[in-house]
Structure formats: C-alpha cells, structure tokens
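Only the coordinates and a few stated rules stand behind these numbers; no lab work does. Predicted, not measured: the structure shown is a model, and the values here were computed from it. Don't worry about glycine lacking a Cβ; one is built from the backbone with ideal geometry, like all the others, and counts go over all protein chains shown.
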Amino acid sequence: MSVGGKLSFRRRARLVEASGLPVIEGGEDPPRLVTLVPEEFEQVEIEVGPGKGAFLIAAAEARPETFLLGIEAAAGYANLAAERLQNSGLKNGLLLVDNAALFLRDRMDPGSLDRLHVYFPDPWPKRRHRGRRFFNEKAPELIHRALKPNGLLLLATDNAAYAGQICRVLGASPLLSRDHAAEAELRSSPPGHGFSPTDFERKYRIEGRIIRRYAFRRQPGPAQE
Ligand SMILES: C[S@@+](CC[C@H](N)C(=O)[O-])C[C@H]1O[C@@H](n2cnc3c(N)ncnc32)[C@H](O)[C@@H]1O
C-alpha cells in the first residue's frame with residue numbers, strides 16, 4: 001500500500017489514462033478544490049487515501065447533497081475507486097491523484113470542508129519513515145485550516161502505536177477538540193455517514209483487529225479568526 005518516497009513531491013501525469021472515469025491526475029500542478037466542486041454543492045468533504053473507494057462511494061450514496069473528493073496518492077487505487085464510482089452511477093464524487101497533505105496545504109481556500117475523513121492511514125512503522133505519517137506535528141494546523149468552523153475530522157486506525165501518536169498530537173492542539181458525542185453518534189449511523197464502511201475495515205474486522213475511531217472538531221483559532 002505504500003507510495004514510498006514519492007509522497008513528498010508531485011510528478012508529471014503519466015499513470016491515469018484519459019479514460020472518461022471520474023478521476024484526475026494531479027501531476028505537477030494539481031487543480032484547486034474550488035475548480036473541482038460543481039457549483040450546486042455547498043457541503044464538501046475530502047477523504048484522504050480512499051484506496052479502492054468503499055467509503056467514498058457509500059458516502060456519496062448516503063448523502064447526495066454532499067460532494068466527496070477522494071485524494072489518493074496511488075494512481076492504481078484512484079483508478080479502481082473511480083471505476084467503482086462510475087459503475088455506481090453517482091455524480092457527487094471525484095478522485096484526484098495527489099499527496100493529500102500537499103493538496104490541503106496549497107490547493108484549498110481556508111475553511112473549505114465540512115468533514116475530512118482519514119481511514120487507516122499508512123502507519124509507516126519503520127522509524128526512518130515516520131516523517132511520512134499524515135498525522136505528524138504539522139497536522140493540527142493543516143486540518144484546522146482545511147475545515148469550516150465547527151467542521152469535523154473523522155479517522156480510524158488499527159495501529160495502536162499510531163493511534164497513540166494521533167491522540168497525542170491532535171489532543172495537545174487547541175485547534176481541535178475530541179468530540180465523543182459525534183463519535184458515538186457516527187458509530188451507530190448507517191453506512192457512509194462516517195467511519196464505515198472501508199475496504200481495510202472489512203479486512204481487519206475479519207482478522208479480529210481492534211479498530212480505533214476518533215472524531216475531532218475544529219475549534220476557533222488564530223489561523224483563521
Ligand atoms: C492502508 S490504505 C487505506 C485505504 C482506505 N482508506 C481503506 O480504509 O480501505 C492507505 C491509503 O492511503 C493512501 N495514501 C497514503 N498516503 C497518502 C497521502 N499522503 N495522500 C493521499 N493518499 C495517501 C495509500 O495509497 C493507500 O491507498
């Protein structure tokens with residue numbers, strides 16, 4: 001699942017063919033979010049690393065008033081998810097091949113998202129790769145900048161050590177606050193509202209792994225107010 005050292009830079013478009021699928025290769029100069037979302041959508045959500053797209057498609061189906069953008073670093077997965085999205089007939093979703101951390105930083109106006117979903121982010125277990133984790137020290141500011149006031153970050157992981165890092169980094173920031181009520185509500189909501197279903201979740205459930213799910217709400221903060 002790893003995208004190796006290619007995460008830190010943007011490449012010339014090459015892997016996504018002009019296929020008519022709902023997928024865009026960001027390449028070296030990805031489009032800005034505002035150019036990707038059709039005007040009729042006020043609710044916009046991004047999923048970081050949607051993989052084969054199970055959550056993105058369930059969310060697009062469950063909430064047709066919301067536009068779902070999946071930012072996937074691996075072009076092969078983005079294509080697969082786009083094929084599944086097209087087969088579903090849904091029009092409120094799109095895949096973009098890019099590094100989501102870069103996209104959130106430089107391709108979006110502040111306060112653009114109602115929700116940000118990150119399910120089973122690569123844990124990069126080797127010490128020398130830890131810098132590639134999505135939830136690093138810079139994550140609170142990046143997420144705070146991306147979300148609308150009161151917006152929600154939803155995430156899940158099976159990796160206990162990474163869960164510890166996530167809670168430490170996000171929990172220490174005044175920019176975000178854990179929302180236990182939202183967690184409880186979304187855990188028992190129908191598919192596509194948050195947390196579930198994802199392809200990795202299915203696999204890990206069968207393996208009996210413990211899955212940790214968290215909701216963090218954006219707080220007022222100096223970055224936007
Ligand atoms: C472990 S998989 C989980 C896939 C999916 N969320 C699921 O639960 O089935 C992690 C996914 O995140 C993607 N990914 C990793 N780092 C990324 C980044 N910085 N930006 C976008 N996608 C990323 C990987 O290519 C992979 O598809």
What's the magnitude of the charge dipole for the stretch 76-225 around its Cα centre, counting Lys and Arg as +1 and Asp and Glu as -1 at the beta-carbon? Answer in Debye, nearest 20.
480 debye
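About the Cα centre of the stretch 136-225, how large is the charge dipole given +1 on each Lys and Arg Cβ and -1 on each Asp and Glu Cβ? Please answer in debye to the nearest 20. Provide the component values of the computation, followed by the final result.
Numbers: 14 positive and 10 negative charges, 15 e Å.
With Lys and Arg at +1 and Asp and Glu at -1, about 80 debye.
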So, by mean Cβ neighbours within 10 angstrom, what's the order for 130-139, 51-60 with the highest one leading?
51-60, 130-139
In cubic angstrom, how much convex hull volume per residue do the alpha carbon atoms of the stretch 12-218 span?
123 Å³
Distant-in-sequence amide H partners of Gly70 (H built 1.01 Å from N, under 5 Å):
Glu47, Leu94, Leu95, Leu96
For Asn87 paired with Ser189, estimate the spin-label separation in nm (one decimal), with each label point 7 Å from Cα along the Cα-to-Cβ line.
2.6 nm
